[in-house]
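First comes the structure, then the notes that go with it.
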Amino acid sequence: MSPTPGSLCLCANTAEDLETLVATGRVRGVSGDRVQNLLNRIERELEPLATKEALARWRWWTHPDSASKARYLAAREEKRAYLAQGSLGREIDAALSGAGEALHPLFRRQAELIRRLFFRHQVVPEVGARINALEVELEAMRARVPEVDPVPACLGLSGSGASEEALETAVAAGRAAAPVLVELVRLRNKVAQSLGYADYYELSLRLNDAEEKRVFAALSRLEKETEPAVRKLKAERPPGVEAIHSLFAGQDLTCVAGRYFDAIGLAVDRVLARSDLGGGGETFGRPLCIDIDRAGDVRIAAKLSPGFEGALRLLHFLGRAVYRLNIASELPYTLRRPAHAVTDVAAALIFERRLFDGRWLAEWADTEVPSGCSWLEGLAALERFWRACSVRWGVALAHFERELYRDPAADLDGLWEKLLDKHVGIQPPWRFESVWASLSAIGEEEVVSYTGPLAEAASSALAAAIEEELGGGALSVSPAAGYLLIDKWFLHGARYPWGELIMRVGGGRAERGLE
């Protein structure tokens, strides 16, 4: 995650350049051709398996019954069995070792990501199948529990989902999920140790271009930066809390969002047409953004509450959707995905934070926005508090998951309580008994609990870079903003390691948060 020399603007890496590069292959010699032919064959075999899994997951998420769950589990197992083929993994290693400098960096990156996929699945079939079953069971348990967002709860926002009933549901879900999660952690650790790593936490970070020391150093810096805002929040609630809930009341949120994204050059009509936003009432309580085929079929499943929080959720997940829609189609299949969960969430936050921008609200809220500097100042203060709570919550999650993998037999309820007290500083209104097990960021297939705080830093750097080029308010009204987001962020997919992408765009700003 160290800085990379070069211009902050990635205009030289346009889709046209990518198309030429991919068409010509830019390989030299027989060894390079051998690698490219092998990678192409693997991707042709892997793509339909991944698409089948994505379709099965979508069907299950929007029709949560036992039959659709079984189809999803079977599709995952089919893909897992393909990736568990040790012979293919060895073939990739042999081809790469013979290629030398024959491969262009783009295709070397493709080869490395494919090699990592096979590496992490080298496990005894029975163990792999059990891990797969536990992951689906944990996903099912969590998906049925409505999200209880800690930030509005800490801020005291009414309608934040922190009702007594919601808290009881989270506690019950945590109690049920805890033994499943702990068994999953133990099995993952055994697999990681068999592959030469101390635990699965270390393995997952290394396979996702993250270094533990740098990640936690960045988290520590971000935590210190938010301390003043948290101290102030302890003393007084920010102004603007009461007024913000009246925004978007009675509005068609999809219409508002659709008009906004069109105005900045990022059309979402295809996404909205394919999505399930709660009309039928069958979707799970938690939202999902899914890329079915990495070729334009992106969908969202979410139950949107009316008003501000529904708008917040919709803009967040449409941010993830437009990222996926605008990855260069010329890239190899393996690279046609977000670089990392950090870059994915950063894209979502770019749009989610528009709801704290008075200029955006005046243009798109279709409701009377209170005039006067004091209200706008209150809105800006609310955003600072919101960010501070989000960062510190994410820091607590990251520390908890690291300790969970180090010692799954520890007093995890006590650990969770201790970390919330230390890092969040403002006690959210929930109990500690096993609630950690129902939090979707803990125990994901990839370790991503550290994502939130780093995404906040990356999102700020990206927004600042865009508004430096186009002027203040560009992200609210300018069609050029969409172009720059594509050019700087979306277009490249997983072509670069995520730290390199962030540094290319954010320069010194990103370095302060991610060095």
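Values quoted throughout were computed directly from the atomic coordinates according to the rules given, and no laboratory measurement underlies them. What you see is a predicted model; the values in this text were computed from it and never measured. When we count neighbours, we look across all protein chains shown, and the Cβ atoms used for this are built from the backbone with ideal geometry, even at glycine.
Observations on the model:
- Note that segment 382-479, at 37 °C in a medium of 0.692 mPa s, gets a Stokes-Einstein diffusion coefficient of 215 µm²/s from its Kirkwood radius over C-alpha pairs.
- When Asp65, Asp262 are sorted by how many other C-beta atoms sit within 10 angstrom of their C-beta, beginning with the fewest, the order is Asp65, Asp262.
- When each of Lys52/Lys190; Lys190/Lys213; Lys224/Lys303 is checked by Cα-Cα distance, pairs over 26 Å: Lys52/Lys190; Lys224/Lys303
- Förster-model FRET efficiency, 25 Å R0, Arg44 and Arg270, C-beta, rounded to 0.05: 0.50
- Ranked by how many other Cβ atoms sit within 10 Å of their own Cβ, fewest first, the residues Cys289, Cys389, Cys255 fall in the order Cys255, Cys289, Cys389.
- Here is the tail figure for segment 259-338: Cα pairs spaced more than 15 Å apart come to 57 percent of all pairs.
- The percentage of C-alpha pairs in segment 41-96 whose separation is greater than 19 Å is 38%.
- Highest-first arrangement of 37-49, 131-143, where packing means the average Cβ count within 10 Å: 131-143, 37-49
- Descending by average beta-carbon neighbour count within 10 Å, the peptides 292-299, 334-341 line up as 334-341, 292-299, the highest first.
- Neighbour-count ranking [beta-carbon atoms within 10 angstrom, fewest first] of Ser438, Ser476: Ser476, Ser438
- Rounded to the nearest Hz, the phi-derived 3J(HN,Hα) couplings of segment 221-227 under the Karplus curve 6.51 cos²θ - 1.76 cosθ + 1.60 (θ = phi - 60°) are 5, 5, 4, 5, 5, 8, 4, where x marks glycine and proline.
- In this calculation the C-beta distance from Ser305 to Ala133 is compared with R0 = 30 Å, giving a FRET efficiency of 0.35.
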